[in-house]
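Trainee: The structure follows.
The values are calculated or read from the model by the stated rules, or taken from the named source; none is laboratory data. Bear in mind the structure is a predicted one, so any value in this text is a computation, not a measurement. Quick reminder, even Gly has a Cβ in these numbers, built from the backbone with ideal geometry, and neighbours come from all protein chains shown.
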Amino acid sequence: MTLQRRLILAVLAAVAFAWLLTSALVYLSAHEEINELYDTAMVRMAQQMQAVLPLMNANAKSPLPSSGPQPGDTDLGDLGDAGLGDLAIAAWRPGGEALHIDPDGDRLPRMPAIHGFTNMTIDGAKWRLYYLDDPVAGWRVCVGQIVAERNELVVSYVQAQALPWLFGLPLLTTLLVWAIRRMLRPLLALSHAIAARTPGDPTPMALEGAPPELTPLVRAMNTLLERVSTLLEHERRLTADAAHEMRTPLAALKAQWEVARRSPDTEERARAAVNVEVGIERLSHLVSQLLTMSRLEDEEALAAGEAVDWQQISQQVFSDCLQLSDRRHVDMEILWPADGGKPLEICGDPVLLGTMLRNLLDNALRYSPAGSVVTLAFGTDHIEVADHGPGVAPEHLERLGSRFFRAAGQQEQGSGLGISIARRVAYLHGLTVELSNRPAAAGTGLVVRIRRLLPEAT
């Protein structure tokens, strides 16, 4: 069910409920007010009758007109809509003798034990009776009214109030449905505009003309479109770069395989087999780096982790890089803060931080000459990875770390993703990676410094 339909049904149900509730309240209020009005009139009538009883001749009979014509009745003229049979009055002398002042009142019982109001059924009709006694003279007066008269008046009053609403409800509901559809038109237009978009369209939704209530939604949609567009662009670049980078090793593998398969020279086939093995290793490393980079690109933030144990991480990283270190004949050393200070204190993912250090050490080992030392130094506010390689040309320092970028003339195998991965892991942990060459006085080599990411100036 659409939001518009649910809203219309909810409004119609609310209108119907409000109408029924209002009618019930009107009925209760009218019932109370009408009872109060008639009860007051009955009390006043009884008091007036009691006041004139002592003035009447004890032997006289002065019957009042009943609901129907009686012999000897006085001409009362046009009675209009008066219902004399609905109201009756009776009186009794101190000895209990009835005074026949109203033929309809002769049906009312004396009931000497009752004082005030009471309800009673007389001749199949419900009556409301009021009894008043004169404690001095002993006269007793009773005024009665048929209850149906009151109920008829209550119903007439409620109908007079409710019937106009009953006929006006269709018009009201029509106006409400029209108003709801008109108010929801911008939302429908927004949904149609989103549905008509192509998957790769990053154009922000227009805020002009949108109701204030929809502005936060449109802004959120624009933010989502921007994030999706950025993610798609990352994926496109990663796919294109990966295809470009994998094309060369795959072509080399194919060529070496053809040599190993067809060459009649045993030594040449052996060299080709070695080259195939190296190519497979390079391709495997590239695929592994691509998968790591793809996973990190999808991460926006890391959940708060426990304090990082750099000693345990560094031991695992050194163990992973030991084979490359032996093959390159390059030593590795680790330095901890002087005076027993704690190394850079952060919370995060030990696996990702290990990946960051492993990539930096891998790069340093690959570009260090045999017999040199690669240093992993921990400070209280930073981490450094330094080598004694040839360094990087100043014009290439800013580009170093871009995905798949490798300076020209490199002989060592690589994918150009190591520093990119390190920078992404550092960013997710609130760190930054800085690259610089060693000072001339300290020889050649590259220094990678990891420190906390400074907050942007506001």
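Trainee: Met120: assigned to a strand (DSSP E or B) and over 28 Å from Val26 (Cβ atoms), yes or no? Give the steps one after another, and end with the answer.
Mentor: Working: assigned to a strand (DSSP E or B): yes; over 28 Å from Val26 (Cβ atoms): yes.
So Met120 fits the description; yes.
Trainee: Among the candidates Ser294, Ser314, single out the residue that is hydroxyl-bearing (Ser, Thr, Tyr), assigned to a helix (DSSP H, G or I) and modelled with pLDDT of 75 or more.
Mentor: Step by step, each of Ser294, Ser314 is checked, and only Ser314 is hydroxyl-bearing (Ser, Thr, Tyr), assigned to a helix (DSSP H, G or I) and modelled with pLDDT of 75 or more.
Trainee: If you don't mind, another one. Residue by residue through region 88-123, note down the ones that are closer than 16 Å to Ala41 by Cα, out of contact with any helix residue (DSSP H, G or I) (no Cβ under 8 Å at 6 or more places or on another chain) and either at pLDDT below 90 or surrounded by 13 or more Cβ atoms within 10 Å (Cβ to Cβ) (or both).
Mentor: Correct list: Thr118 only.
Trainee: Working only within region 319-349, note down all residues that are under 48 Å from the mean Cα position of the chain (by Cα) and not basic (Lys, Arg). I'd like the intermediate steps shown before the answer.
Mentor: Within region 319-349, the subset under 48 Å from the mean Cα position of the chain (by Cα) is 320, 341-349.
Listed by number, the residues that qualify are Asp320, Gly341, Pro343, Leu344, Glu345, Ile346, Cys347, Gly348, Asp349.
Trainee: Can you tell me how many residues within region 1-46 are touching a residue at least 40 places away in the same chain (Cβ under 8 Å) and surrounded by 13 or more Cβ atoms within 10 Å (Cβ to Cβ)?
Mentor: 21
Trainee: Do any residues in region 273-286 that are outside the structural domain of Arg358 (by TED's automatic domain parsing) and within 15 Å of Asp362 (Cα to Cα) have Cβ atoms under 7 Å from those of residues that are modelled with pLDDT under 75 and of a type in the set (Gly, Ala, Ser), where the two are at least six apart or on different chains, and which pairs are they?
Mentor: Qualifying pairs under 7 Å: His285/Ser415; Leu286/Ser415.
Trainee: So, one more: How many residues does region 124-147 contain that are surrounded by fewer than 17 Cβ atoms within 10 Å (Cβ to Cβ) and assigned to a loop (DSSP other than H, G, I, E, B)?
Mentor: 6
Trainee: Kindly evaluate Met56 against the criterion of being modelled with pLDDT of 85 or more, at negative phi and either hydrophobic (A, V, I, L, M, F, W, C) or in contact with a strand residue (DSSP E or B) (Cβ under 9 Å, 6 or more places away or on another chain) (or both). Outline the logic, then answer.
Mentor: On the way: modelled with pLDDT of 85 or more: no; at negative phi: yes; either hydrophobic (A, V, I, L, M, F, W, C) or in contact with a strand residue (DSSP E or B) (Cβ under 9 Å, 6 or more places away or on another chain) (or both): yes.
No, not satisfied.
Trainee: Determine whether Asp331 is in the same structural domain as Ser372 (by TED's automatic domain parsing) and modelled with pLDDT under 90. Full working, then the answer.
Mentor: On the way: in the same structural domain as Ser372 (by TED's automatic domain parsing): yes; modelled with pLDDT under 90: no.
Criteria not met by Asp331.
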